[in-house]
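Student: Can you read through this structure? Questions will come right after.
The values are calculated or read from the model by the stated rules, or taken from the named source; none is laboratory data. Quantities reported herein were computed from a predicted structural model and do not represent experimental measurements. Neighbour counts are summed over all protein chains in view; Cβ atoms, including those assigned to glycine, are modelled from backbone coordinates with ideal geometry.
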Amino acid sequence: MSRVWVYPERVYEELGAVRYRATWEEVRPGAMEKDDIDPDMDIIHRFANYKTKEPALRKARELVDSRTTAYGSARVIRQIVDWFVEEDRVAEWVNTMDEEVID
């Protein structure tokens, strides 16, 4: 493998490196009292990255069990470093089809 520049994180990683991203949505604090929540204005999209799957799954379960997610679920997605612009040797983290939903 070779080390490549990863955009937009501005770090070097090995091409093909793996990480796991936990993602979830939260209702903005000021919107909790509203009768009608606007998904475009009142939902915050959050994420946290982990080197292995187990801590990502723990975080997702913790969020769902604490009822802090807007829709009652969280996802853990496997990501790999792949080319963004190969000619410039710039890469990015890309989602794979390996995804687990925690609800």
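Student: Which of (1) in contact with a strand residue (DSSP E or B) (Cβ under 7 Å, 6 or more places away or on another chain); (2) modelled with pLDDT of 95 or more is the odd one out, the single condition residue 68 does not satisfy?
Tutor: All conditions are met except number (2).
Student: Sticking with this structure for a sec: Within the set of pairs 6 or more residues apart or between chains, which connect a residue that is over 22 Å from residue 75 (Cβ atoms) and assigned to a strand (DSSP E or B) inside region 3-25 to a residue that is modelled with pLDDT of 95 or more and among the hydroxyl-bearing types (Ser, Thr, Tyr) with Cβ atoms less than 7 Å apart?
Tutor: 3/12; 4/12; 5/12
Student: Please enumerate the residues belonging to region 41-69 that are under 12 Å from the mean Cα position of the chain (by Cα) and small (Gly, Ala, Ser).
Tutor: Correct list: 48, 56, 60.
Student: Let me confirm something: among 67, 58, which residue is without any contact (Cβ under 8 Å) to a residue 12 or more places away in the chain, under 22 Å from residue 100 (Cα atoms) and in a loop (DSSP other than H, G, I, E, B)? Spell out how you get there, then give the answer.
Tutor: Working: 58 fails: in a loop (DSSP other than H, G, I, E, B).
Result: 67 is the single residue among 67, 58 that is without any contact (Cβ under 8 Å) to a residue 12 or more places away in the chain, under 22 Å from residue 100 (Cα atoms) and in a loop (DSSP other than H, G, I, E, B).
Student: Same structure, new question: Tell me which residues, restricted to region 70-89, are assigned to a strand (DSSP E or B) and either surrounded by 14 or more Cβ atoms within 10 Å (Cβ to Cβ) or under 16 Å from the mean Cα position of the chain (by Cα) (or both). First the steps, then the outcome.
Tutor: Here is the first cut: in region 70-89, the residues assigned to a strand (DSSP E or B) are 74-85.
Of everything in region 70-89, those that are assigned to a strand (DSSP E or B) and either surrounded by 14 or more Cβ atoms within 10 Å (Cβ to Cβ) or under 16 Å from the mean Cα position of the chain (by Cα) (or both) turn out to be 74, 75, 76, 77, 78, 79, 80, 81, 82, 83, 84.
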